[in-house]
Amino acid sequence: MTSPLLTVHREQIGPTVVVHAVGDVDLATVAQLSEALTEATKAPAAEGVVANLSGVGFLGSAGLSALVVARNEAEEAALPFTVVATGPARRALALTMLDSTLTVADALEDVLGTTA
């Protein structure tokens, strides 16, 4: 899924479904991220879901809300949910204190326990 402002793709790495987002997550683009995260929680062999926002340059309130919804969907599916965020995305999570509500990591490798 792509738009001029955001590219989102999903991949399975072992038992973990990773949703990679690159670009800006705002009201105009959030549907792409939300859809991919919802699909990730429904993946048949998923044992965990990761939202990799390390390539996100802007994370607006719509994107923050989408992460909370995704975390709730993952909880309902009994799956751990982690957000990988650096830079602007990490600042947005910290400013809204969602970094204390969501599980947040600095790098995908930290979550997967590999050198992905």
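The numbers here are math on the coordinates, done by the rules we state, and not lab data. What you see is a predicted model; the values in this text were computed from it and never measured. Ideal geometry is used to build each Cβ from the backbone, glycine not excepted, and the neighbour counts take in all protein chains shown.
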> Roughly what % antiparallel, to the nearest 5, for the DSSP beta bridges in the chain?
Replying inline: 35
>> I need the shape label for the chain. Rule: rounded when a/c is under 1.5, else prolate if a/b > b/c, else oblate, with a, b, c from the alpha carbon gyration tensor.
In response: rounded
> Which length gain, in nm to one decimal place, applies between Ala77 and Ala28 when the Cα-Cα distance is subtracted from 0.36 nm times their residue separation?
Replying inline: 14.9 nm
>> Only four residue types carry charge here, +1 at the Cβ of Lys and Arg and -1 at the Cβ of Asp and Glu. Report the dipole size of the chain about the Cα centre in Debye, rounded to the nearest 20.
In response: 160
> What number, in percent, do you get for the relative contact order of region 6-112 if the mean sequence gap of Cα pairs under 8 Å and at least 6 apart is divided by its residue count?
Replying inline: 25
> Among Ala51, Ala70, Met97, whose Cα lies farthest out toward the positive end of the dipole of the chain, if unit charges sit on the beta carbon of Lys, Arg (+1) and Asp, Glu (-1)?
Replying inline: Met97
> Can you give me the Cα centroid spacing of region 1-55 and region 83-116 in angstrom?
Replying inline: 14
> Hey, if you put +1 on the Cβ of every Lys and Arg and -1 on every Asp and Glu Cβ in the chain, which of Ala107, Thr41, Gly87 ends up farthest toward the positive end of that dipole?
Replying inline: Gly87
> With a ≥ b ≥ c the root eigenvalues of the C-alpha gyration tensor of region 64-110, is it rounded (a/c under 1.5), prolate (a/b larger than b/c) or oblate?
Replying inline: oblate
